[in-house]
Amino acid sequence: MLAQDAKTPLKRTPLFELHLARGGKMVPFAGYEMPVQFSAGVLREHLHTRAAAGLFDVSHMGQIVLRARSGRLEDAALALERLVPQDIFSLPPGRQRYAQLTHESGGILDDLMVANFGDHLFLVVNAACKDADEAHLHARLADVCTIEPLSDRALLALQGPKAAAVLAQHCAGVSQMRFMDAGPRKVASFDCFVSRSGYTGEDGFEISVPAEHAEQLAKLFLADTSVLPIGLGARDSLRLEAGLCLYGHDIDTTTTPVEAALEWSIQKSRRTGGPRAGGFLGADKILAQLDQGAPRRRVGLKPEGRAPVREGAALFVDAASPMRIGAITSGGFGPSLNAPVAMGYLPTAFASTGAQVFAEVRGQRLALRVATTPFVPNTYKR
Amino acid sequence: MTTLFTSDHEWLRIEGDVATVGITDYAQSQLGDVVFVELPKVGRSLKKAEAAAVVESVKAASDVYAPITGQVLEVNEAVTAEPALVNSDAAGKAWFFKMKIADKSELGGLMDEAAYKAHTA
């Protein structure tokens, strides 16, 4: 979490009053007052999301419209490809893709979702990065594109096995949507942007709604007995079990997409030999790592004992060696696994699945095994 | 039998020269769902205010400090086996450890129940 500058007042999302009314315990997060949990508590909120449906307020995230000055979507897509290693040009209308804004050094400025809405691109970026991302887009793409932050919209995530049935009561055509389909849809009577995606490893949806209707829409979802409001605490444990990166923790400007094991998100067309190979910030380093491998890798780690191993814990090759080989970047307890889970970086030689490493926790060395992620199988409707 | 409290939200039940130590119901409600508890080794000599045990919720780890100086006589394995006991019965079955009171004068610095209630109000 980011330290809060005492001089800057915390911002509130359009659902602030609803959070208080539902027993939300509010904490500062990325400049916003956000609910870390509701009355059910992190454990129940987590398990409820995997068993039924959870409603998350992610309105603090940035929503940005990127439109080519020419009016041609391809121009916006090709422009954005200067800043991300993903194939945006071939992204079909109504589809969304996970991407990273890269730095000249090959590091990651932010991770984001990019959707093709037909005549423009729709981006969802992290709350803590959104001002910097907008400035970056302006500085790099203003010649070709207009960049319009949608600050008057809220963003709700409805996640879990019952999310589709709940949303279908208010939105036509939901059952036809596949994972990562995205586009404008009427939800209730409101003009929303709906994507079948999320950050919990569950099937689910993210719904961008005009701020003035956000509370009404959230109440419609919460009126369904299968939906509980979920705080940031369970959002974190859900995404950790799903093996998903948290920006500022698992990825940042010092980690490349290849080191972060995100190369699955880089399409062939942008790699060496592809029709639009390179041409993005940091391409030299990232393409070289795609070809030759990276010196270190982000891996899933399962502690062998019951003690959670948390962010910042140093990693060692054995129980005694003074040589620090890496560190935990996210770690905690996985309620669905009923066991501790973690992620961290290790030199590639130590990063094979099943390898044992040790973390230092309160002066003791605890054994962990490198594990495949997701820790909990995802249930996306592909 | 007297029950005393610390400002760090621990309770001590005093029986003769033995203190049974746990965390308060207020503390467990603030921590949230407890998923891991680590207790001191039997026989360990604890100094007042030294980290003696660890309680972890889904979100965070918290130290439990020795409320007074003394040697650990017994630990409650039921709590390490079933950490959720801390949420369901913090003041009872989820006691953490028993210690031999080294210096009874240290008890004078602790709160009674009324004072602790005022402290958390």
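A short reminder: the numbers here are calculations on the coordinates, not readings from a lab. It should be emphasised that the depicted structure is a prediction, and the values quoted were computed from it without experimental measurement. Every residue, glycine among them, receives a Cβ derived from its backbone with ideal geometry; neighbour counts consider all protein chains shown.
See the values below:
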| quantity | calculated |
| --- | --- |
| Output for the range A:214-241, where each listed residue is assigned to a loop (DSSP other than H, G, I, E, B) and over 22 Å from residue A:62 (Cβ atoms) | A:223, A:224, A:225, A:226 |
| Meets criteria (in a loop (DSSP other than H, G, I, E, B), out of contact with any helix residue (DSSP H, G or I) (no Cβ under 9 Å at 6 or more places or on another chain), of a type outside the set (Asp, Glu) and away from chain B (no Cβ under 14 Å)) for residue A:23 | no |
| Test set (1) within 14 Å of chain B (Cβ to nearest Cβ); (2) assigned to a strand (DSSP E or B); (3) not acidic (Asp, Glu) - residue A:123 fails condition number | (1) |
| Subset of the range A:26-62 (residues that are within 14 Å of chain B (Cβ to nearest Cβ) and touching a Cys at 6+ places or on another chain (Cβ under 8 Å)) | none |
| Single unsatisfied condition, residue A:76 versus (1) within 17 Å of the chain's Cα centre (by Cα); (2) buried (at least 22 other Cβ atoms within 10 Å of the Cβ) | (1) |
| Lone qualifier among A:33, A:81 - being surrounded by fewer than 21 Cβ atoms within 10 Å (Cβ to Cβ) and closer than 25 Å to residue A:271 by Cα | A:81 |
| Strands (runs of 3 or more DSSP E) contained entirely in the range B:1-98, each with at least 2 residues that are surrounded by fewer than 19 Cβ atoms within 10 Å (Cβ to Cβ), among the aliphatic types (A, V, I, L, M) and away from every other protein chain (no Cβ under 14 Å) | none |
